[in-house]
Amino acid sequence: MATEENSALTGLVKGRVQGVCFRIETQRQAAALGVSGWVRNTPDGDVEVLIAGPDAVLQPMLRWLREGPEMAQVTALELRECECPQLQDFQILY
């Protein structure tokens with residue numbers, strides 16, 4: 001039985017995404033979906049993410065990132081493919 005290969009995407013979530021629980025809610029969503037990676041705030045007010053996993057879990061994660069938590073206002077999601085890291089969970093980086 002073939003296993004689905006993992007993919008990874010990294011980049012920025014822009015808009016009102018700091019001070020609205022974006023990082024913790026992203027971590028919760030990723031854990032619920034089985035996505036690995038990390039999330040962190042950037043100095044200029046964006047949120048940077050790296051998400052990794054099979055396409056079946058990345059697609060719902062992408063949909064969630066386009067909306068974010070209730071208080072967020074996502075104006076842009078700018079992601080690109082990257083090398084898939086060997087991560088076991090989803091972390092908040094500081």
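Among the numbered criteria (1) touching a Phe, Trp or Tyr at 6+ places or on another chain (Cβ under 9 Å); (2) touching a residue at least 40 places away in the same chain (Cβ under 8 Å), which single criterion is violated by LEU33?
Exception for LEU33: condition (2).
Is there any pair with a first residue in segment 55-77 that is free of Cβ contacts under 8 Å to residues at least 12 places away in the same chain and a second that is outside any loop (DSSP other than H, G, I, E, B) whose Cβ atoms are under 8 Å apart and which are 6 or more apart or on different chains, and what are they?
Taking only residues 6 or more apart or on different chains, the pairs are ARG66/VAL74; ARG66/LEU77; GLU67/VAL74.
Restricting to segment 1-21, count the residues that are of a type in the set (Gly, Ala, Ser), over 15 Å from GLU70 (Cα atoms) and surrounded by 17 or more Cβ atoms within 10 Å (Cβ to Cβ). First the steps, then the outcome.
Filtering segment 1-21 down to residues of a type in the set (Gly, Ala, Ser) leaves 2, 7-8, 11, 15, 19.
With the extra rule that they be over 15 Å from GLU70 (Cα atoms), the set shrinks to 2, 7-8, 11.
Pick out the ones that are also surrounded by 17 or more Cβ atoms within 10 Å (Cβ to Cβ) and you get 8, 11.
Residues flagged as of a type in the set (Gly, Ala, Ser), over 15 Å from GLU70 (Cα atoms) and surrounded by 17 or more Cβ atoms within 10 Å (Cβ to Cβ) within segment 1-21 amount to 2.
Looking at segment 1-21 only, could you name the residues that are touching a residue at least 40 places away in the same chain (Cβ under 8 Å), under 15 Å from THR75 (Cβ atoms) and not in a strand (DSSP E or B)?
Those that are touching a residue at least 40 places away in the same chain (Cβ under 8 Å), under 15 Å from THR75 (Cβ atoms) and not in a strand (DSSP E or B): VAL17, VAL20.
Readers should treat all values here as calculations from the given coordinates under stated rules, not as data from a laboratory. Being a predicted model, the structure only gives us computed values, none of them experimental. Cβ: placed from backbone, ideal geometry, glycine included. Neighbour counts: every protein chain shown.
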